Amino acid sequence: MNISIHPLGDQALLIDFGEAINEETNQQVRQAAAHLEKQKPDWMIEYIPAFSTLTILYNPYYIAKQMRSQKLLPYEWARTKVLDLLSQTSSHHSEGRTIEIPVCYGGEWGPDLPFVASHNRMSEEEVIDAHMKGDYLVYMIGFAPGFPYIGGMDKKIAAPRRDDPRLSIPSGSVGIAGEQTGVYPIETPGGWQLIGRTPLKLFEPDRESPSLLQAGDRIHFKRISEAEYSRLKEEDQ
């Protein structure tokens, strides 16, 4: 495992698994995160997985007590422990879940679909078709509670973020930013190009697992009609 570790302030360190953002690198991040979740070392406060990095927040006061007479900084002690933990990380590849996300494309649900189509010199139907056929992987959760950064979208429907971000985007909105797609789990400001909306609730604080999606999940987008959207929305209330 080719990694580098760097201090991140005085209570965290950053593990860099490489510059490339791809499934292999992200899998290494997820394997390391899974091992940390299993071990739950006392000195660790939290871990934050991303595309190709893993941040670990640690308790410097707890570490100082453990070091006693050792002439080490808390970061140096934590770095040694992290390297030991990573050496124990299994290389076993576990497949994530496959989750189907129903989407009502275009119209009031996807007001930026015409722009994405025009930007790529395609029809709206061609954009929808390409979006549904993507080979999607959730790389990370971030930005807002439960927000999935999803890779694997066809590059031919890539589109830049809006020049004027919206102050409020409805929950369930499906958007495109660059070569990524994502789903807004809660109402929030944002600048992604909105092409549709799902009736699914991606984030519910009262659920045992608040975020419906997790890093490593495979996503399949399924087109539904406005009537189906309304029906599913009512059933999920």
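Restricting the search to helices (runs of 4 or more DSSP H) fully inside the stretch 40-142 and requiring at least 2 residues that are over 30 Å from residue 226 (Cβ atoms) and of a type in the set (Val, Ile, Thr) gives 74-87.
Here's the yes/no breakdown for (1) more than 15 Å from the chain's Cα centre (by Cα); (2) more than 23 Å from residue 233 (Cβ to Cβ); (3) at pLDDT below 95:
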site: 123; (1), (2), (3): yes, yes, no
site: 127; (1), (2), (3): yes, yes, no
site: 131; (1), (2), (3): yes, no, no
site: 139; (1), (2), (3): no, yes, yes
site: 143; (1), (2), (3): no, yes, yes
site: 157; (1), (2), (3): yes, yes, no
site: 162; (1), (2), (3): yes, yes, no
site: 173; (1), (2), (3): yes, no, no
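Cβ separations smaller than 6 Å between residues 6+ apart or across chains give no pair from the stretch 208-237 residues that are without any contact (Cβ under 8 Å) to a residue 60 or more places away in the chain and within 21 Å of residue 135 (Cα to Cα) to residues that are of a type in the set (Gly, Ala, Ser) and open to solvent by 50 Å² or more (accessible area, probe 1.4 Å).
The number of residues in the stretch 187-237 being under 25 Å from residue 33 (Cα atoms) and of a type in the set (A, V, I, L, M, F, W, C) comes to 6. Tallying residues that are under 27 Å from residue 61 (Cα atoms), touching a residue at least 40 places away in the same chain (Cβ under 8 Å) and either not hydrophobic (A, V, I, L, M, F, W, C) or not in a strand (DSSP E or B) (or both) within the stretch 1-21 yields 5.
Tell me, yes or no, whether the stretch 134-144 has at least one residue that is surrounded by fewer than 19 Cβ atoms within 10 Å (Cβ to Cβ) and over 30 Å from residue 5 (Cβ atoms). Yes, some residue in the stretch 134-144 is surrounded by fewer than 19 Cβ atoms within 10 Å (Cβ to Cβ) and over 30 Å from residue 5 (Cβ atoms).
The values are calculated or read from the model by the stated rules, or taken from the named source; none is laboratory data. Bear in mind the structure is a predicted one, so any value in this text is a computation, not a measurement. Cβ: placed from backbone, ideal geometry, glycine included. Neighbour counts: every protein chain shown. Side chains included, ligands, DNA and RNA excluded: accessible areas come from the protein's heavy atoms. Shrake-Rupley method; radii C 1.70, N 1.55, O 1.52, S 1.80 Å.
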